[in-house]
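J.: Below is one structure. I have some questions about it.
The values are calculated or read from the model by the stated rules, or taken from the named source; none is laboratory data. Quick caveat: nothing in here was measured; it's all calculated off a predicted structure. Using ideal geometry, Cβ is built from the backbone for each residue, glycine included, and neighbour counts are taken over all protein chains shown. For accessibility, only protein heavy atoms count, side chains too; no ligands or nucleic acids. Shrake-Rupley method; radii C 1.70, N 1.55, O 1.52, S 1.80 Å.
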Amino acid sequence: KLSFFIVGEIADWYPDLVDGIRDEGHEICYHTHTHAYLREPGMIALELEKSRGFLSRYKVKGFQAPAIIFHKEDYRLLAGSGIEYSASVYSAASPYEVDGVLEIPVSTRPRRPGPIPVEYPARMSFGMLMRELPFGSSLLLKVFGWRKISSCIREVERQNVFDEFKGL
């Protein structure tokens, strides 16, 4: 089954659609209420408030910030709303916890050996693209094509980076 990151307004407008996705056994996740770019710390609070009904109705556990723009200090607000995991940074790092929320980074492939610190917010920029290729981004699938992205996925699979997180 799949995880669908849904904007809360979509559930307001088309509840039968979202109910159907859930009823087929898929996970309903959160992508803010209005698809707001969270440019400043604390902006998520209003989105979460608008989505209280959505979060409760679908027992939402997962979150992804629009454009992968998220601030480290806002994880506590996610945790307070029942969110258990997020995919809101770009990184080659293994999943890690921030204020009670498991961050599962959007996968990247470093261009050089060695660790790359996680940035908050983790905007896709020219500098970031020079350090690492965010192959987990759907935008890069369109830019580089499925062959390049598939080769990045196979490389990560060979490294067995995520074995400890299977079955989450």
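J.: Of the numbered conditions (1) more than 29 Å from residue 49 (Cα to Cα); (2) buried (at least 17 other Cβ atoms within 10 Å of the Cβ), residue 68 fails exactly one; give the number of that condition.
T.: So residue 68 meets the others, but not (1).
J.: Scan 56, 3 and give me the residue that is within 15 Å of residue 87 (Cβ to Cβ), open to solvent by 50 Å² or more (accessible area, probe 1.4 Å) and not hydrophobic (A, V, I, L, M, F, W, C).
T.: That would be 3, the only listed residue that is within 15 Å of residue 87 (Cβ to Cβ), open to solvent by 50 Å² or more (accessible area, probe 1.4 Å) and not hydrophobic (A, V, I, L, M, F, W, C).
J.: I've got another one for you. Anything in segment 79-108 that is in contact with a Phe, Trp or Tyr (Cβ under 6 Å, 6 or more places away or on another chain) and surrounded by fewer than 17 Cβ atoms within 10 Å (Cβ to Cβ)? List them, or say none.
T.: 99
J.: Can I ask one more? Out of 56, 81, 86, report the one residue that is under 25 Å from residue 9 (Cα atoms), of a type in the set (S, T, N, Q) and under 9 Å from the mean Cα position of the chain (by Cα).
T.: Answer to the selection: 86.
J.: Please list, ordered by first then second residue, the pairs with beta carbon atoms under 6 Å, 6 or more apart or interchain, first in segment 46-58 and within 20 Å of residue 22 (Cα to Cα) and of a type in the set (Ser, Thr, Tyr), second open to solvent by less than 50 Å² (accessible area, probe 1.4 Å) and part of a helix (DSSP H, G or I).
T.: 51/8
Here's the yes/no breakdown for (1) touching a strand residue (DSSP E or B) at 6+ places or on another chain (Cβ under 8 Å); (2) without any contact (Cβ under 8 Å) to a residue 12 or more places away in the chain; (3) of a type in the set (Phe, Trp, Tyr); (4) exposed (fewer than 15 other Cβ atoms within 10 Å of the Cβ):
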position	(1), (2), (3), (4)
21	yes, no, no, no
35	no, no, no, yes
60	yes, no, no, no
64	yes, no, no, no
77	no, no, no, no
